[in-house]
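Right, one structure below, let's go through it.
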Amino acid sequence: MVSPRGTIIAIFPLMNKSIFFIISCILLISCNQDPQPKPRAFLAMEFPDPNYSQLQLGCPYVFERNDLANLKDARGNKACWVNLDYPLLNATLFITYQPVNNNLDSLLMDAQRLPLQHTIKADYIEGDIYENPTNQTYGMFYEVEGNAASQAQFYVTDSVRHFMTGSLYFNLKPNFDSIMPAAAYLKKDMKHLMETLEWQN
């Protein structure tokens, strides 16, 4: 009976020495390769195309919202405060409204202070000026990146009568890598809200 070792010895002389050498080199090289880091990847999430309709609540404002969002009336806290709940994205956009009554400076300070509360967890915060003279809407849109509680915020005012803020929060522990696709989708919704906002005097 021939052992497996004997079988290898018997077969080896039949192999071409150059082929054996090439195979040996390939095996040695492939075993000594350093591990390479994998490229950064994000979840490939797809969301339905937004379908917007005008939201009218009998408040001093109207705007277009994504039909994907469920309206939750928050008037128990303040008049004309609403929450737009996105169950598919596990997020909520909190909308507040306050009339301007010789308090524009304090309203602006509060609205500008809110994004700064997330600087500890945020990688960076970028603010873009928003102006729409036709609708008399002026304000700022803040994009937040990193593991902050809020991923985007805005404020809009006509500087005379009306002041609105919006803050986006996810209903889970912040992890920017996992919520980035949803955050990008919702930031577009927020910008659309600002662009379609009209004051009702």
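In the condition set (1) surrounded by fewer than 17 Cβ atoms within 10 Å (Cβ to Cβ); (2) within 21 Å of the chain's Cα centre (by Cα), Gln200 is compliant with all but (2).
Out of curiosity, is Ser178 of a type outside the set (Lys, Arg), surrounded by fewer than 17 Cβ atoms within 10 Å (Cβ to Cβ), farther than 25 Å from Asn103 by Cα and modelled with pLDDT under 80? Yes. Is it true that Phe163 is within 24 Å of Asp49 (Cβ to Cβ), modelled with pLDDT of 95 or more, in contact with a strand residue (DSSP E or B) (Cβ under 7 Å, 6 or more places away or on another chain) and among the hydrophobic types (A, V, I, L, M, F, W, C)? No: the conditions fail for Phe163.
Scanning the stretch 150-164 for residues that are under 12 Å from the mean Cα position of the chain (by Cα) and part of a loop (DSSP other than H, G, I, E, B) yields nothing.
Of all residues in the stretch 165-185, those that are part of a helix (DSSP H, G or I) have Cβ atoms under 9 Å from Cβ atoms of residues that are modelled with pLDDT under 85 and basic (Lys, Arg), 6 or more apart or on another chain, in Asp177/Arg40. Filter the stretch 43-64 down to residues that are assigned to a strand (DSSP E or B), surrounded by 15 or more Cβ atoms within 10 Å (Cβ to Cβ) and at pLDDT below 95, then give me how many there are. Residues in the stretch 43-64 being assigned to a strand (DSSP E or B), surrounded by 15 or more Cβ atoms within 10 Å (Cβ to Cβ) and at pLDDT below 95: 1 in total. No other residue among Asn147, Asn171 is surrounded by fewer than 20 Cβ atoms within 10 Å (Cβ to Cβ), polar (S, T, N, Q) and under 30 Å from Gly58 (Cβ atoms) apart from Asn171. Cβ-Cβ contacts under 8 Å between residues 6 or more apart (or on different chains), taken from a first residue in the stretch 97-113 that is farther than 12 Å from Met164 by Cα to a second residue that is surrounded by 14 or more Cβ atoms within 10 Å (Cβ to Cβ), are listed as Gln112/Met140; Gln112/Tyr155.
The values are calculated or read from the model by the stated rules, or taken from the named source; none is laboratory data. Source: prediction; values computed, not measured. Ideal geometry is used to build each Cβ from the backbone, glycine not excepted, and the neighbour counts take in all protein chains shown.
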